[in-house]
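First up is the structure itself, then whatever we jot down about it.
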Ligand code: IPE
Ligand code: IPE
Ligand code: MG
């Protein structure tokens, strides 16, 4: 059982925010301009989430493998993240958003670690939306840490050490892969792939993805109740 921190809505949406670099390339701009525009898209989506019934939003901002990028891009991303935290804490507080950062912290700068701690502490009582930002995150490493952190390894204990299961996973930017994001938590996630580059993704796109999700039938390995009843009637 994962703790829900008093958040009312239960829908967990996770987003792989991809396509910042290509967005910039298409405009003749440096990649960092795409990342800057991507930060604005995060703000829009966070605002749009609660009215759609989303209680938890987990966004992939920087993967453990993104350290492989050129140093200048990594530095720019880290600086942007710090700026985002400092600028958004007040807004989160005002809007009942509880901000959390998942992933490794020990490879982040001291000042970034402090900014994360401050933002998390300041927004800890938010109950309208749980916003989880994945930074230096790897799904495989998260599973390993969860397994190492429990006394008795079982499906329940590992599940408890990880985050809540994902209902809907959205990936922007046109690629159709998980890139090491929330591997365990996405066991039964509905997948929506959008061709939109992340900086262009807005409230309408999020609403569209949630609409598509609501139109799908989740079976979790079972058969629909009506189908089970129909089958039972053959046995009469
Ligand atoms: C996603 O956009 C942001 C991060 C991974 C940090 P990309 O930077 O991967 O953009 P593309 O995929 O190169 O267009
Ligand atoms: C996944 O995007 C990570 C984030 C969006 C933060 P990447 O752009 O790094 O993924 P790959 O390399 O295309 O798989
Ligand atoms: Mg990418």
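Things to note:
- In degrees, nearest ten, helix 203-214 long axis to first principal axis of the chain (Cα): 20 degrees
- Computed [θ] at 222 nm, deg cm²/dmol, the chain (DSSP H ≥ 4; -39,500 (n - 2.57); rounded to nearest 500): -14000 deg cm²/dmol
- Counting only alpha carbon atoms, the long axis of helix 225-235 and the longest principal axis of the chain meet at about 20°.
- Principal-axis tilt of helix 31-48 within the chain, Cα atoms, nearest 10 degrees: 50 degrees
- With one equal scatterer per alpha carbon and no solvent term, the Debye-computed log10 I(q)/I(0) for region 66-191 at 0.17, 0.18, 0.20 1/Å reads -1.10, -1.20, -1.34.
- Mean separation of Cα pairs under 8 Å and 6 or more residues apart, divided by the residue count, gives region 1-147 a relative contact order of 30 percent.
- DSSP beta bridge pairing in the chain, given as percent antiparallel to the nearest 5: 0 percent
- Per-residue Cβ neighbour counts within 10 Å put 60, 181 in the sequence 181, 60, beginning with the fewest.
- Virtual spin-label span in nm between residue 86 and residue 220, 7 Å along Cα→Cβ: 4.5 nm
- Label-to-label distance, nm, for residues given as residue 105 and residue 229 (7 Å Cα→Cβ offset): 5.2 nm
Every number here is computed from the coordinates shown, using simple stated rules; none is lab data. In this text the structure is predicted, and so the values were computed from the model without any measurement. Cβ atoms come from the backbone with ideal geometry, glycine included; neighbour counts cover every protein chain shown.
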